[in-house]
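So the structure is just underneath, and the comments pick up after that.
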Amino acid sequence: MKPFDKIVLTILALLTLSIVAMVWVSGRMGVGIVALIPAEGEQQVSTRADIRIEFERPMSTTAVPDLTFSPTITGTTRWEGPETLVFSPAAPLAANSRYEVTLPAGLPSQDGRILTDPLTWTFQTGSPRVIYIAWDSERLGNQLYVVDLDGGEPIALTDEETNVLDYAVAPNGQMIAYTVSRSSDGGSDIWLIDADGDNRHLLVDCPDGACSRPAWAPDGQRLIYERRAFAGIGGPPGPPRLWWYDKVAEDTLAVFSDTQWLGYGVNFSPDGEWISYVAPNTQGIEVYNLQTGQNLFVLSRTGEQAAWNPINNELMLTQLQLETAEFAIHIVRASLETEEVANVSGEEPNNDSWPAYAPGGAWVAFTRQAAGTTGGKQLWLMRPDGSEAYHLTDNPDAHHGAPQWSPDGRFLTVQRFLLSAPENMGIWLLEIETGEIRELATPGVSPSWLP
């Protein structure tokens, strides 16, 4: 063999050994973790929180590893890009509970490194709280507040110079999108904060009108909001149209190709494939498939938004009964599979409103003013087919509205005021098992749950 060939072979051998050594060392170095969400030892974690692991480098996504939990949690694990592993629980976590999460060793990165040791950490969930809007006499405007179920002192989440108009809690309970009015021109913008009130920043800027009433998609990455353009220079905002906002892409566009189509009061189906909304053009509820464009229309004429069953593609809405001699508003159930619409309020000319499915879909809460009465609306429960209906409250001197279920189905929040003092609207809590109802905070409107 010639000396030159020996030199070449020696160099190649050394390079091969070097590469093997680098691969071996790389594997031994392992894979670093950038962030655990919830963090190790974190307290007061939302019962709807996703569990996320963010890696320092792109990982191999050809397989999805199994996360184990103690106590056991069922759900789905997915890659959100090559550097983020996400677990979404199938049901809300238990309140006030400690959870341990383990990711087994062996997960490979795209450059051949290996997660050499199991990854284990713990976090603690908190108790669901009630979020609502109330007047702040010091700030001279409406702000977002939260209050514990034990009725402690409410805590302000926002400190806006003008009014908070509405809000929507993200599906994972970790963020809140909310609308703030502008005193300069009568418009409004949508802002975003964490559930503890931190990290406030502008989400949707609407210099040419008023944007409001955000509604989160189930994936928590997008939302639909209502946009009202100014009618002219110095004019008021016009009728509402529906627009998307993509939080990841930071982009916004009209929901429908016909940008003049009107709509408000959006709700998503549990699988995120459908939306329902109030359509002023047709005086009813339009149900629209975001993937296929399929559409279902149900006459309503009440202006109330629809409520989705959490376990199937059925929804409930209110419908003005024009064929009866007496004024009546009934609740009807619509099925997307059969396109059948059934009256579940019965034959009596009652005035029913605000249907809300319980978690699991076994019960529906709603408000009712019984036929022939003049008192305030009361809280009722019924099965989705209208059977087993009974009242939860029976105080004709008080008016109840807009019930909202707690994540565990134990409680309802409701707006409530005495007919003799309608200006004193407050937030009340009703326990389903005992029927006990008690005041949480006054003043207050638009209660919901911060899980």
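The values are calculated or read from the model by the stated rules, or taken from the named source; none is laboratory data. These numbers come from a predicted model, not from an experiment. Note: ideal-geometry Cβ built from the backbone for every residue, glycine included; neighbour counts use all protein chains shown.
General remarks:
- Number of the exception - residue 285 against (1) at pLDDT 95 or above; (2) assigned to a loop (DSSP other than H, G, I, E, B): (2)
- Residue check, residue 187 in contact with a Ser or Thr (Cβ under 9 Å, 6 or more places away or on another chain), in contact (Cβ under 8 Å) with a residue 12 or more places away in the chain and of a type in the set (Gly, Ala, Ser): yes
- For the range 80-96, the criterion of being of a type in the set (D, E, K, R), loosely packed, with under 13 Cβ neighbours inside 10 Å and outside the structural domain of residue 359 (by TED's automatic domain parsing) is satisfied by no residue at all.
- Among the residues listed as 214, 207, the single one being over 15 Å from residue 275 (Cβ atoms) and assigned by TED's automatic domain parsing to the domain that holds residue 143: 207
- Flag if residue 414 is assigned by TED's automatic domain parsing to the domain that holds residue 380, under 27 Å from residue 94 (Cβ atoms) and of a type in the set (A, V, I, L, M, F, W, C): yes
- Entirely in the range 189-269, the strands (runs of 3 or more DSSP E) that have 1 or more residues that are buried (at least 18 other Cβ atoms within 10 Å of the Cβ) and at pLDDT 95 or above: 201-204, 209-216, 222-229, 241-246, 264-268
- Residue in the range 311-323 that is loosely packed, with under 14 Cβ neighbours inside 10 Å, at pLDDT below 95 and farther than 29 Å from residue 218 by Cα present: yes
- Qualifying strands (runs of 3 or more DSSP E) (wholly inside the range 292-403; at least 2 residues being of a type in the set (Val, Ile, Thr)): 329-335, 364-369
- Residue count for the range 96-107 satisfying the condition of being under 9 Å from residue 31 (Cα atoms) and without any contact (Cβ under 8 Å) to a residue 60 or more places away in the chain: 0.
- Residue match in the range 336-354 (condition: crowded, with 16+ Cβ neighbours inside 10 Å, closer than 30 Å to residue 96 by Cβ and in contact (Cβ under 8 Å) with a residue 24 or more places away in the chain): yes
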